[in-house]
Amino acid sequence: MTGVQTCALPIWQNFHVIYLDLSFDELKARLLRSKRRPLLKVEEPEKRLTELYNQRRNFYREAAHQIFVPDGNLSAARNSAALLDLLSNLGFDFEPARLSVDLVERSYQILIGDDILAQAGRLVDQVDGLSRRAVIISNGTVGPLYRQTFAAGLKKADFIVDYIEVGTGEKYKSLDEANNLYDALLAKRADRDTVIFALGGGVVGDLVGFVASTYMRGLPLVQVPTTLLAQVDSSVGGKTAVNTARAKNSVGTFYQPRVVISDLETLKTLPPRELQAGLAEVVKYGFLAGSPFIDLIENSLEGILKGDFTKLKELIYRCCAYKAEVVEEDEADRGRRAVLNYGHTIGHAIEAASGYRRYNHGEAVSIGMVGAALIAKQLGFIDDELTARHSRLLKSVGLPVKYSDLEPEVLLEHLKLDKKRQHGKHRLILLRDLGEPVIVKVNDELLRATLMELKEA
Ligand code: NAD
Ligand code: GLY
């Protein structure tokens, strides 16, 4: 392999040209195998190939900024990894950002990048001990958009790939759909080495995670989140779940993925309302982490809402870094992890009371965070400005900050079912100050008054 060379031909100045300098024998083996090479449809193809090779090789070498000699003993995935290493050493940014979740033997990396689905094989190849047998599970919305690119990426690293589609929507996060998946996996002869890829939003991630953790007592799982909410929250930390008729997320497991692959490119097809729902969770991390992160979010929102995702990579990275740190400290959700539910206690009650139809998760959490801020203000924890900052920021995303068509008393009944409730008192995550979440006992009266204030006039 040569070093950097300056290309003499002006036409190439705006490109970076790489010449993959295969040996003549390798070229011959590949090209003479192919029936689709018109220039070689001649009487003596090898002689013709030799002539073309000799004519062109010097020109290719001169035109290239980089000459890369693939190692014939390595797979295509390994060779592309070496090539990407070379380019990133030269300052090209092809590599996803990497973040570790350190959980001893369950540790894994979160990879966040642009257009990385097509590199899936190379990226998964870097995880130890995974077989080459893959099943991608997605839904009828995300599958048609991304399964082919993703499968092609895996196949480049010699994965054998199967595909299963589940129903679209929260109602398919169910034991019935899990059962359908067990059957489909059995039909495809999936065994304990088969790697399961959950390609989709939080619904697919939770359902597929649950199935991967229980089918044959656990198969390796890779989360490939395609919504902003899933990239900043549900794909990280190992909570899996299905809903039952009576309660959301009531059956589930803790099961960490082997790697998380977040491709920003997938967010470009996300409906605006889903992007806003994800931004509600981003804002949540901002209030939890405090300055300067909340300021960065505030300054980035306008661009993101206009479709400029340049800042999103850093925001996703920082949200995941916050969540990773919390999960590392409290994987089993016995203590600090509860802070990740800022705004969720009232939010869950709003979602449930409206039958999971009127408000999506992010919208309900948005109203819930405003409720938490009002309570914190009443308790003297935070001032008017920080309280107003909640509404201002969430409104600027286009998220609701009040609910309508629901009765406070009905919400209160739902709040009494909250898992965190103890000895007849509600336990809410509040801010003692910006970036200082605490769990606080709150009585019915204060909660009722807040719910009344949160109701649209
Ligand atoms: P979702 O999975 O329902 O996705 C929202 C919609 O967008 C769906 O219709 C989906 O098909 C579609 N979609 C997904 N990716 C797309 C893309 N790239 N382009 C176009 N359309 C796309 O919703 P969500 O907000 O991602 O996840 C919500 C779920 O996550 C809830 O079930 C919630 O309970 C769960 N959740 C779990 C955790 C956890 O820690 N496990 C945390 C938060 C939320
Ligand atoms: N989404 C909250 C948690 O993972 O704990």
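Restricted to Cα atoms, segment 305-457 shows a radius of gyration and a Dmax of 15.6, 48 angstrom. Treating only the Cα positions of segment 190-249 as identical point scatterers, give the base-10 log of I(q)/I(0) from the Debye formula at each q in 0.19, 0.25 Å⁻¹. The Cα Debye sum returns log10 ratios of -0.64, -0.98. For the residue pairs LYS173/LYS402; LYS171/LYS248; LYS268/LYS311, the alpha carbons lie more than 21 Å apart in LYS173/LYS402.
Lysines within cross-link reach of LYS35: Cα-Cα under 18 Å, excluding same-chain residues under 8 positions apart? Counting by Cα, and skipping residues close in sequence, LYS35 has these lysines nearby: LYS47.
Count the net charge of all other residues whose Cβ sits under 11 Å from the Cβ of VAL104, scoring Lys and Arg as +1 and Asp and Glu as -1. Charge balance in the 11 Å sphere: -3. Remark: segment 143-292 projects, on average over all directions, an area of 9.8 nm² (convex hull of Cα atoms). Here the dipole of segment 355-400 is about 240 debye; that uses its Cα centre as origin and unit charges on the Cβ of Lys and Arg (positive) and Asp and Glu (negative). Annotation: the chain has a Kirkwood hydrodynamic radius of 24.4 angstrom, from the mean reciprocal C-alpha pair distance. Segment GLU105..GLU26, full-extension length gain: 24.3 nm, with 0.36 nm per residue of separation and the alpha-carbon distance subtracted. Helices that extend 24 Å or more along their long axis by alpha-carbon positions and average at least -0.5 on the Kyte-Doolittle scale are, among the DSSP H runs of the chain, 272-289, 312-329, 361-378.
Taking other residues whose beta carbon is less than 14 angstrom from the beta carbon of LEU185, and scoring Lys, Arg as +1 and Asp, Glu as -1, yields -1. Taking Cα centre as origin and charging only the Cβ of basic (Lys, Arg, +1) and acidic (Asp, Glu, -1) residues, the dipole magnitude of segment 48-202 rounds to 520 debye.
Here, each number is a calculation from the coordinates, and none is a lab measurement. In this text the structure is predicted, and so the values were computed from the model without any measurement. Note: ideal-geometry Cβ built from the backbone for every residue, glycine included; neighbour counts use all protein chains shown.
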